[in-house]
Amino acid sequence: MVKVEHHFDFGSPNSYLAWKVIPEIEKRTGVAFENVPVLLGGIFKLTGNQPPMIAFGNIRNKPQYEALEMQRFIARHKLDAFRFNSHFPVNTVQIMRGAIVAEMEGVLPKYMEIVFRAMWEQSLKMDDAEVIRAALDAGGLDGAHIMARIQDTDVKERLIANTSASVERGSFGAPTFYVGKEIFFGKDRLRDVEEEILKQK
């Protein structure tokens, strides 16, 4: 069976939009995606990359076009719940470490649903420890337990290792997808991801 990976960070709106569409692709292909938490800030540091709002913010017409493409994607997939986070940019170190904890404890899918919605539907300030805890509690997870565990050395080290390994494989941003050895960057490559999955099955 072909292995498909989704390297994500909650701080990327495009990671949220891709996450919403992935279940459709899984259903059509019969192949489940493996979600891999990475730290986008760490990827930027290791690759010399910058957030698009900084890298392209002064280029005439490009930010407007990118906004148009996002709206087209949202409309195509009927993602009406999306709201751009009013606290953006959000430091995601805590919630990405939380994703590692959730993965270790077998609740990553539920954790991702809670945090992605908190970030990109509810517009919560998800770098505030108390806001994070409350959101996790409201979603049915033990917020205090997860927030305590994000300080554990093994959790911190796994997130660092995930991030470094992702860069070594070719990542420079999020979301990044791997279908076997093939790399695809961004939500706009999901059609290519699906084609590659079918080709490798």
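Bear in mind that the values in this text are calculations on the coordinates, not laboratory data. Since the model is a prediction, treat every value here as computed from it, not as a measurement. Every residue, glycine as well, gets a Cβ built from its backbone with ideal geometry; the counts of neighbours run over all protein chains shown.
With unit charges on the beta carbons (Lys and Arg positive, Asp and Glu negative) and the dipole taken about the Cα centre of the chain, which residue among 71, 153, 31 sits farthest to the positive side? Going by the Cα projections, it comes out as 71. Scanning residues 5 or more positions from residue 10 or on other chains, none has an amide H under 5 Å from its amide H, with H placed 1.01 Å from N in the peptide plane. Once the gyration tensor of the Cα atoms in region 40-100 is diagonalised, the equivalent ellipsoid follows with semi-axes of 23, 19, 10 Å, ordered largest first.
With all distinct Cα pairs included, what does the Kirkwood hydrodynamic radius of region 76-183 come out to in Å, to one decimal, could you say? Mind showing how you got there, number by number?
Working: mean 1/r = 0.0670 Å⁻¹.
Computed over region 76-183, the radius equals 14.9 Å.
Quick check on my link table: of 156/187; 20/201; 78/187; 110/199; 27/110, which ones sit more than 25 Å apart, alpha carbon to alpha carbon? Checking Cα-Cα distances, 156/187; 110/199 exceed 25 Å. Here the Kirkwood formula, the inverse mean of 1/r across different C-alpha pairs, assigns region 1-77 a hydrodynamic radius of 14.5 Å. Rounded to the nearest whole angstrom, the semi-axes of the ellipsoid equivalent to region 4-200, taken from the Cα gyration tensor as √(5λ), stand at 24, 20, 18, largest first.
Under 5 Å between amide hydrogens, built in the peptide plane, is the criterion, and for residue 3 it picks out 180 among residues at least 5 positions away or on other chains. The distance linking region 23-102 with region 124-179 is 14 Å (Cα centroid to Cα centroid, whole angstrom). For the chain, the mean residue ellipticity at 222 nm estimated from helices alone is -17500 deg cm²/dmol, where every DSSP H run of n ≥ 4 contributes -39500 (n - 2.57) and the total is divided by all residues, rounded to the nearest 500.
Take each of the peptides 177-188, 59-70, 36-47, average the number of other beta-carbon atoms within 10 Å over its residues, and list them starting from the highest. Intermediate results must be reported in sequence, preceding the final value.
Working: 177-188: 18.3, 59-70: 11.3, 36-47: 20.2.
So the peptides 177-188, 59-70, 36-47, ranked by packing, come out 36-47, 177-188, 59-70.
Between the residues 4, 56, 175, the greatest Cα displacement towards the positive end of the dipole of the chain, with unit charges on the Cβ of Lys, Arg, Asp and Glu, is found for 56.
Dipole magnitude for region 1-160: about 600 debye, using +1 per Lys or Arg Cβ and -1 per Asp or Glu Cβ, origin at the Cα centre.
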